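The values are calculated or read from the model by the stated rules, or taken from the named source; none is laboratory data. Here the structure is a predicted model, which is why all the values come from computation and not from measurement. All Cβ positions, even for glycine, are placed from backbone atoms using ideal geometry, and neighbour counts span all protein chains on display. Calculation scope for accessible area: heavy atoms of the full protein, side chains included, ligands and nucleic acids excluded. Shrake-Rupley method; radii C 1.70, N 1.55, O 1.52, S 1.80 Å.
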Amino acid sequence: MDHNRMNYVLIFIDPSLFTIAMTFLSINAVITYFLSGLGATTFEIGLANALVSIGAVVSQPMFVNKVLNLPYKLKAFTRLLYTQRFFLLAFIFSIPVLAKHHAHAMVDLFLVCWGVFNFFVGSYSTFYMTLFAKMISEQQRGRLRGFSIAIGNLLALGASYVTGLFLRKIAFPYNYTIIFAIGAVFLLLDATAFAFMKEIPDQVSEVKLNYIQYFRRIPAALRENAKFKQIVLGSSFMVISQVSLAYYALYAIRSYHARAEDIALFTAMTGIVNIVGNIVFGLLGDRYGHSAVLILSAVFGGVAGFLVIGLHYLWVVYVAFSLTNLCLSGYSLSNGLLMIESVPRERLPMCISINTVVTLIVSSVCTIAGSIFIEHVSFTAMFAVTGVAGGIAWVVYHRFRLVHPSSPPSITNVQ
């Protein structure tokens, strides 16, 4: 098999393995239920969700500096993935020791280790999207990611069933130990896929970018190019509309007394929705452009927030959860691809990183703020904010598409 075909197959496999793994490690369902069972506060549950963003933001300057200076990126990325995932596996082995009799210590240790895990997540956007842009042609990107993630979600339905079965049939804390360990093994298989890829080197010039220099570039990049700012603005409101994903399961537990099988259904709904969503979004993105996918995704995010406010039934929570997941899947598929189409190859790592940092900061702040809203105001207030954010994201992307109907703009003066 030639290198191009092998790379295509391995990149196709990657999202499927990752999707299955994150079904077992679902922050919006399984981990929320795990922490809730340990007696974690709303703030601690919100912090666990926010650490997904905080860890990646803190590490961005380090990883983008590394990417910009490496002609070969695959080996470094693979080492980072293995380090991250073996660390996670080591934490999982501590669950049987601490969880049953030292619940508070278990929550604290989880938050620390989850923060470290997500520090490495900062490498994903810059390394992965740079490699993806090199290895996959523009005409194939949407459908490749769409069908691959859809297959992953189809297989994740089985993972959801297994998750619910383990939660019911295996005693705490061994159920979570097994569930999380399976997720970690799939993550290690995913890292192994990258180990077998082949890479053509990039032409690079030495760049020295420390933390201060990195963050100083962000305001300048946003000021100097209105088109780039519009993409980042739309992305920021889109991630605000998705904050509710962190709290649907908690809302179901507190308002409708959801049980273990009800929580497992959240993961099953995620799989079903993402199978359909990613196939449709992948085809739609390749045919009509990825800005069209983002417009539609924003609609789903906005409708979900107001739907769960207006109708007070558990089944409505599932519907709203599904719509917000559609919003997330469309955004996850098309946001990076829109950036690839919009940015010169040599500036792609920095541009992707800036967009990632801004949106992750917004996401982490709003996720923590969501927990405060819930504690001191209500779930309704938090869902209202996410609904409005979805509407604003729709306006931003709709205006972007009106100005640039055929193809995304060329972003300059960012690096």
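On inspection, ILE136 does not qualify as touching a helix residue (DSSP H, G or I) at 6+ places or on another chain (Cβ under 9 Å), of a type in the set (Val, Ile, Thr) and either open to solvent by 50 Å² or more (accessible area, probe 1.4 Å) or more than 27 Å from SER291 (Cβ to Cβ) (or both).
It is to be established whether one or more residues within the range 61-80 are over 27 Å from MET197 (Cβ atoms), open to solvent by 10 Å² or more (accessible area, probe 1.4 Å), in a helix (DSSP H, G or I) and modelled with pLDDT of 85 or more.
No, the range 61-80 has no match at all.
Within the range 145-167, is there a residue that is surrounded by fewer than 23 Cβ atoms within 10 Å (Cβ to Cβ), among the charged types (D, E, K, R) and in contact (Cβ under 8 Å) with a residue 24 or more places away in the chain? Looking for residues that are surrounded by fewer than 23 Cβ atoms within 10 Å (Cβ to Cβ), among the charged types (D, E, K, R) and in contact (Cβ under 8 Å) with a residue 24 or more places away in the chain, one finds none in the range 145-167, hence no. On inspection, VAL58 does not qualify as in a helix (DSSP H, G or I) and touching a Ser or Thr at 6+ places or on another chain (Cβ under 7 Å).
Yes or no, residue by residue, for (1) closer than 17 Å to GLY301 by Cβ; (2) buried (at least 23 other Cβ atoms within 10 Å of the Cβ); (3) within 20 Å of the chain's Cα centre (by Cα):
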residue: PRO344; (1), (2), (3): no, no, no
residue: ARG347; (1), (2), (3): no, no, no
residue: VAL358; (1), (2), (3): no, no, yes
residue: SER364; (1), (2), (3): no, yes, yes
residue: ILE368; (1), (2), (3): no, no, yes
residue: ALA384; (1), (2), (3): yes, no, no
residue: ALA393; (1), (2), (3): yes, yes, yes
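Within the set VAL116, VAL97, the sole residue that is among the β-branched types (Val, Ile, Thr) and more than 18 Å from the chain's Cα centre (by Cα) turns out to be VAL97. When the range 308-331 is examined, which residues are found to be touching a residue at least 60 places away in the same chain (Cβ under 8 Å) and more than 14 Å from ILE240 (Cα to Cα)? Those that are touching a residue at least 60 places away in the same chain (Cβ under 8 Å) and more than 14 Å from ILE240 (Cα to Cα): VAL308, ILE309, LEU314, VAL317, ALA320, PHE321, SER329. Count of the range 325-373 residues, restricted to those that are within 19 Å of GLY390 (Cα to Cα) and among the aliphatic types (A, V, I, L, M), is 11. None of PHE24, PHE34, PHE43 is of a type in the set (Phe, Trp, Tyr) and either in contact with an Asp or Glu (Cβ under 9 Å, 6 or more places away or on another chain) or within 18 Å of SER125 (Cα to Cα) (or both) except PHE43. When each of TYR72, TYR82, TYR8, TYR33 is tested for being touching a residue at least 24 places away in the same chain (Cβ under 8 Å), out of contact with any Leu (no Cβ under 9 Å at 6 or more places or on another chain) and among the aromatic types (Phe, Trp, Tyr), the lone residue that passes is TYR72. Only a single item in (1) in contact with a Pro (Cβ under 9 Å, 6 or more places away or on another chain); (2) without any contact (Cβ under 8 Å) to a residue 60 or more places away in the chain is not met by ALA258, and it is number (1).
Taken over the range 22-55, the criterion of being small (Gly, Ala, Ser) and open to solvent by 10 Å² or more (accessible area, probe 1.4 Å) is satisfied by SER26, SER36, GLY37, GLY39, ALA40.
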